[in-house]
Amino acid sequence: MTLRKDWGGMHSPPKTGKVFEMVLRRHAAFTPAYEEPMIGKQAACQILSVVFSIFENFYYPDIISGRHTHALIFRAEVSGVPLEGVDYVRTDENELVTEFNVMMRPLKAITALTKAIGAKMQSG
């Protein structure tokens, strides 16, 4: 299992099941929607599942990989608002994700995403 192949390749959304298999129990997810990191596999997988269900036209135009760090540049839309960002991912020696840090722009898209996440999380 490799991050580049199993995360979804260059031009497609992540294969969510494969991504979840790669997340460690002690995983920390840092997102623009929350001030504090989300700790643990269950929390990380829940937020990733919600976010990927909200994104429209999601794809990775570029992935930059080092030994244990990876920058996955992505583009998407949220409620028709264009969004671009970077998933900065740290992995251990077994290529399991230990940290996932998301940076996005512009503010209008982050605001739309945060509202959509809140609504989806409250609805169950």
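Values in this text are rule-based calculations from the coordinates and carry no lab data. The model shown is predicted, which means the values in this text are computed figures rather than measured ones. Cβ atoms come from the backbone with ideal geometry, glycine included; neighbour counts cover every protein chain shown.
Grab the beta carbon distance between Arg75 and Ile39, set R0 = 41 Å, and tell me the FRET efficiency rounded to 0.05.
Numbers: r = 28 Å, r/R0 = 0.69.
Efficiency at R0 = 41 Å is approximately 0.90.
Can you give the extra length, in nm with one decimal, that the chain gains between Arg67 and Ser123 once fully stretched, where that is 0.36 nm per residue apart less the Cα-Cα distance? Could the numbers behind the result be given before it?
Values: separation 56, 0.36 × 56 = 20.16 nm, distance 3.95 nm.
That pair, Arg67 and Ser123, stretches by 16.2 nm at full extension.
Tabulate in residue order the Karplus-calculated ³J(HN,Hα) for region 35-52, using 6.51 cos²θ - 1.76 cosθ + 1.60 with θ = phi - 60°, rounded to whole Hz; enter x for Gly and Pro.
Working through the residues one at a time gives 6, 9, x, 8, 9, x, 4, 4, 5, 5, 5, 5, 5, 4, 4, 5, 4, 5 Hz.
What list do you get for Glu35, Glu84 if you sort them by fewest beta carbons within 10 Å? Don't skip to the end; give the middle numbers.
Details: Glu35 7, Glu84 14.
Placing the least packed residue first, the sequence is Glu35, Glu84.
At a Cα cut-off below 12 Å, give the aspartates and glutamates reachable from Lys108, other chains included and same-chain residues fewer than 8 away excluded.
Cα-Cα hits under 12 Å: Glu77, Glu84.
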